[in-house]
Structure formats: structure tokens, C-alpha cells
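To keep things clear, I will list the structure first and then write my remarks on it.
The values are calculated or read from the model by the stated rules, or taken from the named source; none is laboratory data. None of these values were measured; they are calculated from a predicted model. Neighbour counts are summed over all protein chains in view; Cβ atoms, including those assigned to glycine, are modelled from backbone coordinates with ideal geometry.
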């Protein structure tokens, strides 16, 4: 199979501005069907904004998106938007609702009803490891449990592409391990993943290829080992490569 045939999502010269501030400046990369692709960068690099554009939560100000070779307009078209599922950095859950009620709400928002919705909820609870807590209110859950339910909510409608924006932030080792196992199971079932994280060891473990962003631009795209060699750092791990490309200046905003 050719590389072009394997391509699921193509991001071509994507631009986005907040007023006069350029958040994404000509970002270009592509994601192959069935892979876990890492989108990495320091704070303010433009990762979350790029994900918002792909998810249809913000309209790009320039560039183009393609999905399976065709034009992709997730901000304008609901059918396009449903081809991707989003697991946001900020928890998108309702504390007063139970785990089951949260999944039912998000399922209905994605157009599910009846038996397909019930099946999706059962699958989501199993994915999150929360079947025994299905009828407990989410406000009683630990941070790790909420993160796991957040993942299940994003995948509930079985999208072709799952967008994960720092899905393990602030979780305990057990929940992080469960999330890794869940992502591995989704990938084994053919799901394509776009993964952002500040934990380089996570990206090293999970991602076949990565794009490294800084100041809204994509600096490098490829397999970590190949990028390290190209940067003159053969054998270097992803953290060393990341610091080499983006520098050691603190990014506190």
C-alpha cells in the first residue's frame, strides 16, 4: 500500500489567529490510517489550537484539511465533524450526572439512540473500567477515573480519528496504565490516534511518528529515531530531540 493510500488526515498550511496573534502558522503534516501520531511542542506552540481546528471547534483562517483524500470541513459540516472524536485537555464531563448519564448525553449529541446508544454506553464503560461505577455521580470520581471517562466519551460514536489532548494529565500511575491499555486496544481495533502530551516518554512509547511544533510552526515530522539522526543526534531519545529543536527557554504561558 502506498503512503498516499494510507493517509487518513492531511493538514496543509493550516493557519489560525486570535486577533492579531498568530497561534498556528502554516502547519503541515499528515496522519496515516491506523497509526498513533504524536503532536508535540512546548506551552503555546499551537497544538491545542490545531486540534480545535481538526475537531471543528474553530474555523481555520488559512490552509486546508483533507480526510481520506477528500475536502474536510469539520467546522461547517456535522458529518465531517463526526468523523473525529475529541478527548479535550479540560475535562468535558458533568459532575452532577452519573457516568452512564454522561455517556448517554454525549452519545445523543453524536446522533446515537436506542440500541446503538445502549451498546455504545456499555462499550464506553468497559473502555473506562467503570462498569461497576456506572450509576455513581462523576463528582465523586478521582481524577484518574474522570480522565478514563473523558476518553470513553470522546470515542463513544466510534470515530475514525480520535484526537487526544494531554489525556493523562494529572492521573495516578494505575489510571495512566489503564489509559495506555485502552489506547492500545483502540489502535489494535484499527483506530487512528492523534496524541498530544508533555510527557516525552509517553510519546516515545505510543507514537510511531511525531510532529514537533513551536511558535505555531511544525519544525519536524517523522519517526523519532529518524528525526534524531537527521538532527545530528543519532540514538538520542525523544526528549533530547525535543529540547534540541525547541530550545530550553522556559514557556510559562
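Structure values in brief
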item: Filtered residue count, region 209-246, keeping only those that are outside any helix (DSSP H, G or I) and either free of Cβ contacts under 8 Å to residues at least 24 places away in the same chain or in contact with a strand residue (DSSP E or B) (Cβ under 6 Å, 6 or more places away or on another chain) (or both); result: 18
item: Elements of type helices (runs of 4 or more DSSP H) contained in region 46-129, each with 3 or more residues being touching a strand residue (DSSP E or B) at 6+ places or on another chain (Cβ under 7 Å) and crowded, with 16+ Cβ neighbours inside 10 Å; result: 47-55
item: Residues of region 167-190 satisfying the condition of being surrounded by 20 or more Cβ atoms within 10 Å (Cβ to Cβ) and either part of a loop (DSSP other than H, G, I, E, B) or without any contact (Cβ under 8 Å) to a residue 24 or more places away in the chain (or both); result: 167, 168
item: Filter result for the condition that a residue is more than 20 Å from residue 40 (Cα to Cα) and at pLDDT 95 or above, over 185, 115; result: 115
item: Given (1) assigned to a loop (DSSP other than H, G, I, E, B); (2) in contact (Cβ under 8 Å) with a residue 24 or more places away in the chain, index of the condition residue 249 fails; result: (2)
item: Filter pass, residue 20 being under 14 Å from the mean Cα position of the chain (by Cα) and surrounded by fewer than 23 Cβ atoms within 10 Å (Cβ to Cβ); result: no
item: Answer from 154, 144 - the residue that is modelled with pLDDT of 95 or more and in a helix (DSSP H, G or I); result: 154
